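Just below is one structure, and these are the notes that go with it.
None of the figures in this text is laboratory data; all of them are computed from the coordinates on show. Just so you know, these numbers come straight off a predicted model, no measurement behind them. Note that we place each Cβ from the backbone using ideal geometry, even for glycine, and neighbour counts take in every protein chain shown.
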Amino acid sequence: MNFLNLERMIPPVQSWSEFGISPSEISPGALMEGLISAQLNPIHTYSTQESFVFSPTFSLRIKTIGFGNKFKAMRNLKSYTSINASVQPLEASKEDQFNKALPSKEVLELWRNADAVCFDVDSTVCLDEGIDELAEFCGAGKAVAEWTARAMSGSIPFEDALAARLSLFNPSIAQVQDFLEKRPPRISRGIDELVKKMKARNTDVYLISGGFRQMINPVASILGIPVDHIFANQLLFGSAGEFLGFDTDEPTSRSGGKAIAVQQIRKANGYKSLVMIGDGATDLEARKPGGADLFICYAGVQLRETVAAKADWLVFNFKDLIDSLE
């Protein structure tokens, strides 16, 4: 190893503080020992970058539903940003699950020949968990985030977690609209290119989410995904704009709902092969008989070890999926 390559592998002095290390504590010998160890036990990383893309402003649409004065509100947005860079070392104990980062021949064949691809939205297509962001905006971020972590790990029924999280802050329609104006969605790097690639191959693309249509419709518009290709939850409001709950008729409002949505999509369109991509336990559930043939765990935002361990393929960057189609 020459000194030029060594220099490129060592973070600049000002960045050591990010790791909780004082520059005075680092010796050349320790650096070399660490780099040699890294060669023997590779450190997997993923990187991303920040950028801004602007789309047209869309108008507010209020739709009366069912009975009384309940209605649904949808607000499309103006802009989105891409993910920030991060680096995460892997422990040796995780070696087996990370072998999933090298897809088998059968997995690659299924991916390349899929008739349809279904994407999770929160922490997959978008960088954030939408309900966490809305809760933080309304002053209940920490408590709601704890519930989200439990829901995504599969340790609690999704419908219970969803109701509990919403009850912590009961967002009004005015708060939702204000949130959408001030907190535009952040899109994962490479997803727009991947969706375009899918369309060029005549592969249908769907968004399946436990999040809310109020936040997902604008994302779908940016990516050019039809509204009827969205399966997500819906916030309900009263005539005065007060929070009433969420539409329990949506399949994604409960545990196993994504599997049901995928099964409905497949049956309605007669797809021979379908792929599900996401980061959570509810996404993994979609790989059931009559549902997804393949589950790809996307860990570019959140790595959920129990989900990654059961995935057919683990990726940290959408570019890996794009390149595999060449």
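Remarks
- Segments 163-171, 256-264, 299-307 sorted - mean Cβ within 10 Å per residue, highest first: 256-264, 299-307, 163-171
- For the stretch 101-114, 3J(HN,Hα) computed residue by residue from phi via the Karplus equation (6.51, -1.76, 1.60; θ = phi - 60°) reads 6, 10, x, 6, 4, 5, 5, 4, 5, 4, 4, 6, 10, 5 Hz, glycine and proline entered as x.
- Too-long pairs where the Cα-Cα distance tops 25 Å, listed order kept, from 196/310; 100/142; 142/310; 105/267; 196/272: 196/310; 100/142; 142/310; 105/267
- Extension gain for residue 155-residue 310 works out to 54.2 nm (0.36 nm per residue, less the C-alpha to C-alpha distance).
- Mean separation of Cα contacts under 8 Å (6+ apart) over length of the stretch 158-281, as relative contact order %: 24
- Note on residue 272 and residue 109: the extension gain reaches 57.4 nm, defined as 0.36 nm multiplied by sequence separation minus the Cα-Cα distance.
- Extension gain, residue 196 to residue 101: 0.36 nm times the residue separation minus the Cα-Cα distance gives 31.9 nm.
- Phi angles across the stretch 200-214 convert, under the Karplus curve 6.51 cos²θ - 1.76 cosθ + 1.60 with θ = phi - 60°, into 3J(HN,Hα) values of 5, 8, 6, 9, 6, 10, 10, 10, 10, 9, x, x, 10, 4, 3 Hz, Gly and Pro given as x.
- Scanning residues 5 or more positions from residue 236 or on other chains, those with amide H under 5 Å from its amide H are 244, 245, 246, 247, with H placed 1.01 Å from N in the peptide plane.
- Per-residue HN-Hα couplings for the stretch 242-252 [Karplus 6.51, -1.76, 1.60; θ = phi - 60°; Hz; x = Gly/Pro]: 6, 6, 10, x, 9, 6, 7, 7, 6, x, 6
- Residue 233 sits among other residues whose Cβ lies under 9 Å from its own Cβ, and their net charge, with Lys and Arg +1 and Asp and Glu -1, is -1.
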